[in-house]
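Enquirer: Below you'll find the structure I mean.
The values are calculated or read from the model by the stated rules, or taken from the named source; none is laboratory data. These figures come from a predicted structure and were not determined experimentally. We place every Cβ from the backbone using ideal geometry, glycine too, and count neighbours over all the protein chains shown.
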Amino acid sequence: IDAASSRSPYDGASVFLIPSYVSEVQAAVANMTDSTLAAQAALVEQVPIFFWMDVSTKVPTLGEYLAAADAAGGTQVVQSVIYDLPDRDCAAEASAGEFSIADGGAALYEAYIDSIVAQVEQYPNVRVVFIVEPDGLANLVTNLSVPKCANAASTYKELVSYAIAQLQQDNVWLYLDAGHSGWLGWPANITPAAQLFASVLQGAGSGATVRGLATDVSNYNLLRGAEDPVQAPNPNYDEELYINALAPLLQQNNFPSQFIVDQSRSGVSGIRTAEGDWCNVLGAGLGMRPTTDTGNTLIDSIVWVKPPGESDGTSNSSSPRYDTHCGQSDAAQPAPEAGTWFQSYFEALVQNANPAFS
Ligand SMILES: O=[N+]([O-])c1ccc(O[C@@H]2O[C@H](CO)[C@@H](O[C@@H]3O[C@H](CO)[C@@H](O[C@@H]4O[C@H](CO)[C@@H](O)[C@H](O)[C@H]4O)[C@H](O)[C@H]3O)[C@H](O)[C@H]2O)cc1
Ligand SMILES: [Mg+2]
């Protein structure tokens, strides 16, 4: 058990602002004509988000950020998402990745992980928080009926175990992605989910550990609040209910039960026509600001993981990465490719922010 995982990485630390996102927001502000809204949008620059390593060529940039955090002094936390599994996003089209299992993807992914290890080992004084593979394991709980997921299952598990095994440095905290309340929170899913997380941790070898799980990444659920009608009849209809139900199941399976929760786009509830809608949902607003004052000892921090303004996926039906969810009536259109800047959507997120930026 490495020292890191026995305490929150956020205790007594400053969270590093990701420069590439600050630049995206600055560019967005420059393009805004409504001066009141632009002034509110400028405040978003000061909110820490996660740096997504959605392609292996972004790993050196993590190194630059670790160096900058190291130079800043004090106790810094750099937040980053590991997101490059071969046959990625197996139940959807929008976020398919660079690696494919059929084309040596497993070996390439291990090299990707090894390159991340090489970066974090250079900066032992910087705390690094990784969320490991959004949607990856969650898809193995509910979507083995999807051929791409069934074919990828053993590889996903082996590679997440590999990532855990390789990232045991004392300055690293790992939170596996655990979907959200409207996904794995369903009673039919929650126990298989706990068992899957535990088996993947065991696959990392004895002594390997993680800090816990991340929930609501790139989704729109409330941390705690009134039930959104589309969540009914799920008893775990918000993230805190999901976390409180999941934690004992994890403990029973010898899996650490600490959490971080994405609230970047959770400011407005009741915006989806169906619980499973995830793509650029209309009416969404920036949510609770990141804080360690979470009101629940299981939750280390509220965080912003999905960078607000970056698209979930293209609405162009002729694109190879077109997913029908991005063409729905509750999806903002026209939308650019996943991960690219969506200006009008960003402006709406600021407009709908709750709490408001002022
Ligand atoms: O009452 N009942 O009787 C009953 C019966 C069955 C029920 O079934 C449950 O229904 C849920 C709601 O549809 C399903 O949850 C959805 O599953 C999708 C993947 O399949 C997720 O999509 C991902 O979302 C990510 C961002 O979050 C994207 O990054 C990613 O690209 C994208 O693929 C949705 O969020 C998530 O909400 C459950 O699987 C399903 O088991 C539920 C109730
Ligand atoms: Mg996605």
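Enquirer: From the set of residues in the stretch 305-330 that are of a type in the set (Asp, Glu) and within 15 Å of ligand 2 (Cβ to nearest atom), which is nearest to LEU43 (Cα to Cα)?
Expert: Looking only at the stretch 305-330, we keep the residues that are of a type in the set (Asp, Glu), and these are 310, 312, 323, 330.
Retained after the next criterion (residues that are within 15 Å of ligand 2 (Cβ to nearest atom)): 310, 312, 323.
Numbers: GLU310: 17, ASP312: 23, ASP323: 32 Å.
Checked the stretch 305-330; the qualifying residue nearest to LEU43 (Cα to Cα) is GLU310.
Enquirer: If GLU240 satisfies every condition in (1) within 15 Å of ligand 1 (Cβ to nearest atom); (2) in a helix (DSSP H, G or I) but one, which is the exception?
Expert: (1) is the only condition that GLU240 fails.
Enquirer: Does the stretch 331-352 hold any residues that are crowded, with 20+ Cβ neighbours inside 10 Å and of a type in the set (Ser, Thr, Tyr), and which are they?
Expert: TYR345
Enquirer: Give the residue, chosen from SER301, SER311, SER317, that is without any contact (Cβ under 8 Å) to a residue 24 or more places away in the chain and of a type outside the set (Phe, Trp, Tyr).
Expert: Working: SER301 fails: without any contact (Cβ under 8 Å) to a residue 24 or more places away in the chain; SER311 fails: without any contact (Cβ under 8 Å) to a residue 24 or more places away in the chain.
That would be SER317, the only listed residue that is without any contact (Cβ under 8 Å) to a residue 24 or more places away in the chain and of a type outside the set (Phe, Trp, Tyr).
Enquirer: Please count how many residues of the stretch 166-190 are in a helix (DSSP H, G or I), within 13 Å of ligand 1 (Cβ to nearest atom) and either in contact (Cβ under 8 Å) with a residue 12 or more places away in the chain or touching a Pro at 6+ places or on another chain (Cβ under 6 Å) (or both).
Expert: The total comes to 3.
Enquirer: Which residue pairs have Cβ atoms closer than 9 Å, lie 6 or more positions apart in sequence or on different chains, and pair a first residue in the stretch 154-165 that is of a type in the set (Asp, Glu) with a second residue that is surrounded by fewer than 24 Cβ atoms within 10 Å (Cβ to Cβ)?
Expert: Once the first residue is of a type in the set (Asp, Glu) and sits in the stretch 154-165, its partners that are surrounded by fewer than 24 Cβ atoms within 10 Å (Cβ to Cβ) give GLU158/ALA106; GLU158/GLY203.
Enquirer: Let me ask something else about it. Is there a residue in the stretch 311-322 that is basic (Lys, Arg) and more than 23 Å from ILE49 (Cα to Cα)?
Expert: For the stretch 311-322, residues basic (Lys, Arg) and more than 23 Å from ILE49 (Cα to Cα): present.
Enquirer: Out of the stretch 331-347, which residues are part of a loop (DSSP other than H, G, I, E, B) and within 16 Å of ligand 2 (Cβ to nearest atom)?
Expert: The answer is ALA332, ALA335, PRO336, GLU337, ALA338, GLY339, THR340, PHE342.
Enquirer: So which residues in the stretch 152-162 are surrounded by fewer than 24 Cβ atoms within 10 Å (Cβ to Cβ) and away from ligand 1 (no atom under 16 Å from the Cβ)?
Expert: SER154, THR155, LYS157, GLU158, SER161, TYR162, listed by residue number.
Enquirer: Still on this structure, I have one more. Determine the pairs where a residue that is at positive phi, located within the stretch 271-282, has a partner that is more than 10 Å from ligand 1 (Cβ to nearest atom) and among the hydroxyl-bearing types (Ser, Thr, Tyr) with Cβ atoms under 9 Å apart, the partner being 6 or more residues away or on another chain.
Expert: ASN280/SER311; ASN280/SER315; ASN280/TYR345
Enquirer: Are there any pairs, at least 6 apart or on different chains, whose C-beta atoms fall under 7 Å, with the first in the stretch 87-108 and under 22 Å from PRO336 (Cβ atoms) and the second of a type in the set (S, T, N, Q) and within 16 Å of ligand 2 (Cβ to nearest atom), and if so, which?
Expert: Cβ pairs passing all conditions: ARG88/SER95; ASP89/SER95; ALA91/ASN139; ALA91/ASN143; ALA94/THR314.
Enquirer: When the residues of the stretch 119-153 are narrowed to those that are of a type in the set (S, T, N, Q) and without any contact (Cβ under 8 Å) to a residue 60 or more places away in the chain, which ends up nearest to ligand 2 (Cβ to nearest atom)?
Expert: Result: ASN139.
Enquirer: Within the stretch 30-147, considering only strands (runs of 3 or more DSSP E) that don't extend past its boundaries, which have at least 3 residues that are crowded, with 22+ Cβ neighbours inside 10 Å and modelled with pLDDT of 95 or more?
Expert: Strands (runs of 3 or more DSSP E) meeting the threshold: 76-82, 127-132.
Residue by residue, here is whether (1) in contact (Cβ under 8 Å) with a residue 60 or more places away in the chain; (2) closer than 13 Å to PHE357 by Cβ; (3) touching a helix residue (DSSP H, G or I) at 6+ places or on another chain (Cβ under 8 Å) holds:
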position	(1), (2), (3)
SER20	no, no, yes
ALA27	yes, no, no
ASN31	yes, no, yes
LEU37	yes, yes, yes
VAL55	no, no, no
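Enquirer: Taking the condition of being touching a strand residue (DSSP E or B) at 6+ places or on another chain (Cβ under 9 Å) and either polar (S, T, N, Q) or buried (at least 24 other Cβ atoms within 10 Å of the Cβ) (or both), how many residues in the stretch 248-272 meet it?
Expert: 12
Enquirer: A follow-up question, please. Residue by residue through the stretch 257-291, note down the ones that are in contact with a Phe, Trp or Tyr (Cβ under 6 Å, 6 or more places away or on another chain) and hydroxyl-bearing (Ser, Thr, Tyr).
Expert: SER264, SER266
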